[in-house]
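Heads up: the structure comes next, in structure tokens.
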Amino acid sequence: MTNADRQFNKKKIINDPVYGFVTIPSELIYDLIEHPYFQRLRRIKQLGLSNWVYPGALHTRFQHVIGAMSLTAQAVDLLRWKGIVISDEEKDAVCAAVLLHDMGHGPYSHTLEQVLIKDVHHESISLAFMELLNTEMNGRLDMAVAIFTNKYPRKFLHQLVSSQLDMDRLDYLRRDSFYTGVQEGVIGHDRIINMLNVYEDEMVIDEKGIYSIEKFLIARRLMYWQVYLHKTVIAAESLLVKIMQRAVSLASNGVELFATPAFQTFLYERPNRAQFFTDPRFLTLYSQLDDYDVFTSVKVWCNHSDKILSMLCKQLVNRDLPKVEIQSDPFLISDIDARLEKAATNYGITKDEASFFVYSESVMNKAYSPEGFTIKVLYRNGDVKDIADASDQYNISALAKPVTKYFLCYPKKA
């Protein structure tokens with residue numbers, strides 16, 4: 001096969017149910033998609049355990065980042081059409097940065113973040129993967145890494161990757177709405193992209209796009225309460241976290257647990273942040289972890305001799321989820337204590353052990369943050385205003401205020 005044949009062979013299209021045909025824009029992007037580290041994202045669900053509530057929410061991180069990369073390519077082409085000079089190398093680099101921005105996600109995405117590796121966010125692991133790939137590819141990702149870390153001189157390119165209106169958010173709102181069937185999350189992503197512009201090296205929205213941005217922010221808020229922070233989703237995902245916490249506790253005491261080799265390493269060795277990033281063995285093993293490792297183990301643990309672990313796993317596998325109450329104020333300690341006492345009595349366990357079944361925590365929803373890279377509107381006269389000031393809707397300013405709610409989980413029979 002000649003070099004021309006190889007290059008032609010990398011010109012592929014992907015049939016995406018959300019956007020239709022998605023074109024792989026370059027040979028670099030093709031090589032990244034084909035890499036085993038990237039293919040792992042096919043085995044990690046985008047929405048954790050949201051499919052316990054919305055059965056269609058089975059899409060993966062792979063689908064999401066392909067979509068976000070496609071939107072990025074569209075945005076670059078649109079900006080070029082508006083007269084913004086962006087080289088082919090820069091287009092490749094920003095598309096690569098968006099494509100790889102979620103590589104650091106572990107099993108079940110956000111659900112188990114920092115459970116297996118404390119004090120390590122997925123963005124840091126994504127960067128570690130990018131730097132490793134860059135070494136393998138002899139520096140072909142130098143510019144992509146610089147854009148991802150916001151060290152590239154043209155800051156608006158980083159904003160396409162990470163900001164209040166990045167291509168990540170545009171895709172996950174549109175895609176998550178599609179797969180869950182929650183219409184409140186539908187946004188006009190194509191119009192938003194067409195309204196993008198650059199002013200003084202910063203991404204802005206043309207004045208005509210104000211209403212599309214208002215809808216985008218409201219849709220984001222509604223999707224958080226209706227999907228990401230739905231009380232039954234909270235119940236399912238917090239149950240999985242409790243399972244992992246019990247498994248880690250047992251492993252630390254030398255109790256034998258079934259696990260795949262990669263999963264077993266993180267259960268028993270529990271690397272901290274420094275160990276994870278200095279010992280290359282951990283990143284290699286992490287690249288082998290996905291949803292299948294965890295759920296296979298959970299199924300096996302249903303029959304474990306540890307009563308607490310067994311009960312928790314059976315509840316998750318059979319979708320026998322705890323009851324959830326949500327309110328605006330913290331739950332009274334006396335109410336929580338009463339639930340703990342009742343669960344301990346009903347299950348024949350200690351009060352400390354009952355804390356795996358009765359617990360209260362908080363969740364926060366903040367649709368728009370006025371700090372950092374904000375959404376700015378460019379007027380025809382050259383004025384630039386933050387969307388919270390430009391909008392004539394009072395509720396847009398209100399969306400900048402975080403809303404915290406408290407939830408209490410407890411057994412349905414306790």
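Which of the residues belonging to region 223-235 are open to solvent by 60 Å² or more (accessible area, probe 1.4 Å) and either under 19 Å from residue 195 (Cα atoms) or touching an Asp or Glu at 6+ places or on another chain (Cβ under 7 Å) (or both)? Break it down stepwise before answering.
Taking region 223-235 and keeping what is open to solvent by 60 Å² or more (accessible area, probe 1.4 Å), we get 226, 231.
Across region 223-235, the qualifying residue is only 226.
Remark: residue 66 matches the filter, which requires a residue to be open to solvent by less than 10 Å² (accessible area, probe 1.4 Å) and not polar (S, T, N, Q).
Residues in region 283-323 that are surrounded by 21 or more Cβ atoms within 10 Å (Cβ to Cβ) and among the aromatic types (Phe, Trp, Tyr): 286, 301.
Scanning region 49-58 for residues that are surrounded by fewer than 22 Cβ atoms within 10 Å (Cβ to Cβ) and not polar (S, T, N, Q), which turns out nearest to the chain's Cα centre (by Cα)?
First, the residues of region 49-58 that are surrounded by fewer than 22 Cβ atoms within 10 Å (Cβ to Cβ): 51-56, 58.
Narrowing further to those that are not polar (S, T, N, Q): 52-56, 58.
Values: 52: 17, 53: 18, 54: 17, 55: 19, 56: 18, 58: 14 Å.
Ranking the qualifying residues of region 49-58, first place goes to 58.
Matching residues to (1) within 22 Å of the chain's Cα centre (by Cα); (2) over 18 Å from residue 125 (Cα atoms); (3) of a type in the set (Asp, Glu):
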{"residue": "16", "(1), (2), (3)": "yes, yes, yes"}
{"residue": "21", "(1), (2), (3)": "no, yes, no"}
{"residue": "24", "(1), (2), (3)": "no, yes, no"}
{"residue": "30", "(1), (2), (3)": "no, yes, no"}
{"residue": "61", "(1), (2), (3)": "yes, no, no"}
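Of all residues in region 116-147 being hydroxyl-bearing (Ser, Thr, Tyr) and open to solvent by less than 40 Å² (accessible area, probe 1.4 Å), which is farthest from residue 32 (Cα to Cα)?
Just the residues of region 116-147 that are hydroxyl-bearing (Ser, Thr, Tyr), to begin with: 124, 126, 135.
Keeping just the survivors that are open to solvent by less than 40 Å² (accessible area, probe 1.4 Å) gives 124, 126.
On the way: 124: 19, 126: 13 Å.
Here the residue is 124.
Of all residues in region 336-379, exactly one satisfies the criterion of being assigned to a helix (DSSP H, G or I) and touching a Pro at 6+ places or on another chain (Cβ under 6 Å), namely 343. So, in region 238-253, of the ones that are in a helix (DSSP H, G or I) and open to solvent by 40 Å² or more (accessible area, probe 1.4 Å), which residue ends up nearest to residue 177 (Cα to Cα)? Per the stated criteria, the residue is 245.
As a summary of the residue check, residue 204 satisfies the conditions (1) surrounded by fewer than 21 Cβ atoms within 10 Å (Cβ to Cβ); (2) modelled with pLDDT of 95 or more; (3) β-branched (Val, Ile, Thr) except for the one numbered (1).
Residue count for region 167-212, restricted to those that are in contact (Cβ under 8 Å) with a residue 24 or more places away in the chain, in a helix (DSSP H, G or I) and aromatic (Phe, Trp, Tyr): 3. Among the numbered conditions (1) crowded, with 19+ Cβ neighbours inside 10 Å; (2) charged (D, E, K, R); (3) under 19 Å from residue 91 (Cα atoms), the only one that residue 155 does not meet is (1). Of note, residue 102 satisfies the criterion of being among the acidic types (Asp, Glu), at negative phi and either open to solvent by less than 10 Å² (accessible area, probe 1.4 Å) or in contact with a Gly (Cβ under 7 Å, 6 or more places away or on another chain) (or both).
The residue pairs whose first member lies in region 143-166 and is modelled with pLDDT of 95 or more and of a type in the set (Gly, Ala, Ser), whose second member is part of a loop (DSSP other than H, G, I, E, B) and surrounded by fewer than 22 Cβ atoms within 10 Å (Cβ to Cβ), and whose beta carbons are closer than 7 Å, counting only pairs six or more residues apart or on different chains, are 146/152.
Just one of the listed residues (111, 135) is more than 16 Å from the chain's Cα centre (by Cα) and assigned to a helix (DSSP H, G or I), namely 135.
Per the conditions (1) open to solvent by 40 Å² or more (accessible area, probe 1.4 Å); (2) in contact with a strand residue (DSSP E or B) (Cβ under 6 Å, 6 or more places away or on another chain); (3) at pLDDT below 95; (4) of a type outside the set (Phe, Trp, Tyr), the sole criterion not satisfied by residue 365 is (1).
In this structure, is residue 326 of a type in the set (A, V, I, L, M, F, W, C), surrounded by 13 or more Cβ atoms within 10 Å (Cβ to Cβ) and assigned to a strand (DSSP E or B)? If you could, list the steps in order and put the result at the bottom.
Values: of a type in the set (A, V, I, L, M, F, W, C): yes; surrounded by 13 or more Cβ atoms within 10 Å (Cβ to Cβ): yes; assigned to a strand (DSSP E or B): yes.
Answer is yes for this residue.
Any residue that is touching a helix residue (DSSP H, G or I) at 6+ places or on another chain (Cβ under 7 Å), among the small types (Gly, Ala, Ser) and under 22 Å from residue 113 (Cα atoms) - is there at least one of those in region 82-93? If you could, list the steps in order and put the result at the bottom.
Let us first name the residues in region 82-93 that are touching a helix residue (DSSP H, G or I) at 6+ places or on another chain (Cβ under 7 Å), namely 86, 89-93.
Applying the additional criterion that residues be among the small types (Gly, Ala, Ser) yields 93.
Within this subset, residues satisfying the condition of being under 22 Å from residue 113 (Cα atoms) are none.
Checking region 82-93: not a single residue is touching a helix residue (DSSP H, G or I) at 6+ places or on another chain (Cβ under 7 Å), among the small types (Gly, Ala, Ser) and under 22 Å from residue 113 (Cα atoms).
Comparison of 42, 80 shows that the only residue that is under 20 Å from the mean Cα position of the chain (by Cα), basic (Lys, Arg) and loosely packed, with under 15 Cβ neighbours inside 10 Å is 42. When residue 257 is tested against (1) part of a helix (DSSP H, G or I); (2) open to solvent by less than 40 Å² (accessible area, probe 1.4 Å), exactly one condition is not met: (1).
Does residue 110 fit the bill of being without any contact (Cβ under 8 Å) to a residue 40 or more places away in the chain, surrounded by fewer than 17 Cβ atoms within 10 Å (Cβ to Cβ), closer than 30 Å to residue 252 by Cβ and not aliphatic (A, V, I, L, M)? Spell out how you get there, then give the answer.
Details: without any contact (Cβ under 8 Å) to a residue 40 or more places away in the chain: no; surrounded by fewer than 17 Cβ atoms within 10 Å (Cβ to Cβ): yes; closer than 30 Å to residue 252 by Cβ: yes; not aliphatic (A, V, I, L, M): yes.
No.
The values are calculated or read from the model by the stated rules, or taken from the named source; none is laboratory data. Keep in mind the model is a prediction, meaning the values are calculated, not measured. Don't worry about glycine lacking a Cβ; one is built from the backbone with ideal geometry, like all the others, and counts go over all protein chains shown. Side chains included, ligands, DNA and RNA excluded: accessible areas come from the protein's heavy atoms. Shrake-Rupley method; radii C 1.70, N 1.55, O 1.52, S 1.80 Å.
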